[in-house]
Structures are given as C-alpha cells and as structure tokens.
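Heads up, the thing below is written out as structure tokens.
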Amino acid sequence: MLLGLRTVIYHVPDLAAAKAWYAAAFGATPYFDEPFYVGFEIGGFELGLHPDTSGVTIGNNAVAYWGVTDIDDAYGRLLDRGARPRDPVQDVGEGIKVAAVADPFGNVIGLIQNPHFSVKG
C-alpha cells in the first residue's frame, strides 16, 4: 500500500557543494550528514543527496514536486540562489500552480502551490 511521498533523492557530483546549496535554498540544516548521503527534513519529508552519479542521467528522470504556499516567491528565491529556470510558473486550473527549476547540479526541483492539498497523518 502506498503511503505518499516520503523521500526524494537527488544524485549530485559534488556532495559538499550540493549540501551548502540546498541548506541555503531550502533554509534547512541536514539531520543526517555522512560522506555517502546527506539528509534534510523538509516539511515532514526527506530530501536526500547522494554522491553516486554512476548510471544516473542527471535532470532527465522523475520530478518530485515540493509544496509551497507562494510559488512565485519560491521560484524566484531558487533562481536567486543559482537554480536555472526549467518550467515557468503556470496555472493548471482550480488555483493550482506548478513550476520547475534545475539546481546547479542538473537535478529538477518541481514546485506546486495547491490550495486543495493537505498532509494527512
């Protein structure tokens, strides 16, 4: 049985640089920090950074969408921190907006502002 999004892992070629970038971009400190994996807790979910890029096509795989309350602000903040635009903010109906950026390491970060969604415990 599926329980919902728990962890998103991005593969990065430079773990130290990625850790610093994500800490600044997401305003969080890793709760798990080892040479083989760095884990952040973001709003009840895990963002993991993995230094093994063998067999991975960075930026050309599944996209996880992180919930935000103000997508224009979140999108701009990530661009200000060095992310590159991938998909601009767009309204997909019923007050739901989505966008995506690429982090400095090529991974895609999806953003979603969805007033109809709430985490259920």
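The table for this structure:
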quantity	calculated
Relative contact order for the chain, counting Cα pairs under 8 Å that sit 6 or more residues apart, in percent	23
Percent carbon-and-sulfur accessible area, the chain, ignoring ligands, DNA and RNA, probe 1.4 Å	55
Net length gained if the chain between D87 and F32 were fully extended (0.36 nm per residue, minus Cα distance)	16.7 nm
Nearest 10 degrees, 0 to 90: helix 15-26 Cα axis against the chain principal axis	20
Given charges at beta-carbon only (K, R positive; D, E negative), |dipole| of the stretch 1-61 in Debye	140
Beta bridges per DSSP with both ends in the chain, % antiparallel, nearest 5	70
Which labelled figure in (i) 144; (ii) 122; (iii) 108 is volume of the Cα convex hull per residue in Å³, once derived from the coordinates	(ii)
Residue-normalised accessible area of the chain, given per residue in Å² at a 1.4 Å probe	58
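The values are calculated or read from the model by the stated rules, or taken from the named source; none is laboratory data. Bear in mind the structure is a predicted one, so any value in this text is a computation, not a measurement. A quick note on method: Cβ atoms are made from the backbone with ideal geometry, for glycine too, and the neighbour counts reach across all protein chains shown. The protein model used for the area step is the full one, side chains on, heavy atoms only, and it has no ligands, DNA or RNA in it. Shrake-Rupley method; radii C 1.70, N 1.55, O 1.52, S 1.80 Å.
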